[in-house]
Structures are given as C-alpha cells and as structure tokens.
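K.L.:
Just dropping this structure here.
The values are calculated or read from the model by the stated rules, or taken from the named source; none is laboratory data. All values derive from a computational prediction rather than experimental measurement. Please note: Cβ atoms are built from the backbone with ideal geometry, for glycine as well, and neighbour counts cover all protein chains shown. Ligands, DNA and RNA are stripped out before the accessible areas are found, and what is left, the full protein with its side chains, is counted by its heavy atoms. Shrake-Rupley method; radii C 1.70, N 1.55, O 1.52, S 1.80 Å.
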Amino acid sequence: MPRESIASPFGRIDFEWNPDALGTIADGSRVQGAVTRLEFRRGAVSSTAKSAAARLIKKWLAGDCDALLEIPVLQSGTAFRQEVWSAMRLIPAGTVSPYAELAAQTSSPLAVRAAASTCANNAIPLIVPCHRVIRADGSIGNYALGTALKRDLLVHEGVDIS
C-alpha cells in the first residue's frame, strides 16, 4: 500500500492508503481508495504526499476542520466497532462527545466500555476522530497517542480546554 507523510505542528503524520479499496466516507457514500492506517511520529517527512487524502489533511491543518470528512477510511473490525467508528466520524469538529453518547449511537447503547475500547483500537486516529471522545465528567480522558497530543488536536479544532 502506498505510504505518505505530511509535516505538521503535531509531528509527522504518516498514513497508508489503498487505492484499490472501496471506502466509505461520513455521508455513507462509497468511493474507490481509502486510508487504512494513520500514525503521528517524530522526524522528517519521508515521502512526498500526493494523494487526495494528503491534500485534505493539509486543509485540516490550515483550519478547515471539516475536510477530514471527505477522506474515505477502511479498517477491519466487528460490526459494532464499525458502528462506533462511523459514529465518531459524525462528531463535529470543535465539539466533543462522552463515551456514553458515542455508545448510544450504536446498536448496543449500553456498551460504553466497548465503545471506549474501540476508540483505543482505532487505526486511523485524526480521520476517525477518537480525540473528540471524552469522559463523562468532561475531562479529556486517555488517548493512545498521548493526552498532550489529544489536547493539542482539540485546541486546533476550536475546543475550549479549560
């Protein structure tokens, strides 16, 4: 699968995309090609980013926080995990949602811990915005890539972290 890198204030954003995959975007439409993995790393950008996904991530970095909705994604998981990941994509940029509210958007509305586990196992952070999911008490909670990065991503999208 092609791999691309983009420099960002949050570190290098590395992502893989499969041009042959049939991906689904947030509005439910299916398109050819999908991002299958995304990671934040330290270090220099290792390749030139040329894909539509790279262009849209750059738009997000420039302040168009809805640009990520246009990026098709594809990750394997159970039907429940697919529901949770789809629900995460519907959390508007600049807002946050508690884990319980995320679970309520699925066929298993009481499966709050399973929804949290799904967030932790998201292979496409940023584009499937698990950073927008918080604890019931309003604290930002954990993030597989570190709470400092989660806080920075939320601030970038306009969330007031007080």
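K.L.:
From the residues in segment 1-40 that are modelled with pLDDT under 80 and farther than 12 Å from L74 by Cα, which one is most open to solvent (accessible area, probe 1.4 Å)?
P.N.:
M1
K.L.:
Give just the number: which of (1) farther than 14 Å from F10 by Cβ; (2) at pLDDT below 90 does G43 not satisfy?
P.N.:
For G43, the failing item is (1).
K.L.:
Can you tell me which residue in segment 105-162 is most open to solvent (accessible area, probe 1.4 Å), limited to those that are of a type in the set (D, E, K, R) and free of Cβ contacts under 8 Å to residues at least 40 places away in the same chain?
P.N.:
It comes out as R113.
K.L.:
I've got another one for you. Among the helices (runs of 4 or more DSSP H) lying completely within segment 50-162, list those that include at least 3 residues that are within 28 Å of P2 (Cα to Cα) and among the small types (G, A, S).
P.N.:
Helices (runs of 4 or more DSSP H) meeting the threshold: 52-61, 79-89.
K.L.:
Which of the following residues is modelled with pLDDT under 95 and closer than 19 Å to Q75 by Cα: A136, A144, A114?
P.N.:
Criteria check complete, one pass: A144.
K.L.:
As an exercise: evaluate T48 against (1) of a type in the set (V, I, T); (2) within 27 Å of R135 (Cβ to Cβ); (3) loosely packed, with under 15 Cβ neighbours inside 10 Å and give the number of the one condition it does not meet.
P.N.:
(2)
K.L.:
Mind listing whichever residues of segment 65-104 are buried (at least 17 other Cβ atoms within 10 Å of the Cβ) and among the hydroxyl-bearing types (S, T, Y)?
P.N.:
Passing the criteria: S97, Y99.
K.L.:
Which members of segment 139-155 meet the condition of being hydroxyl-bearing (S, T, Y) and out of contact with any helix residue (DSSP H, G or I) (no Cβ under 9 Å at 6 or more places or on another chain)?
P.N.:
S139, T147
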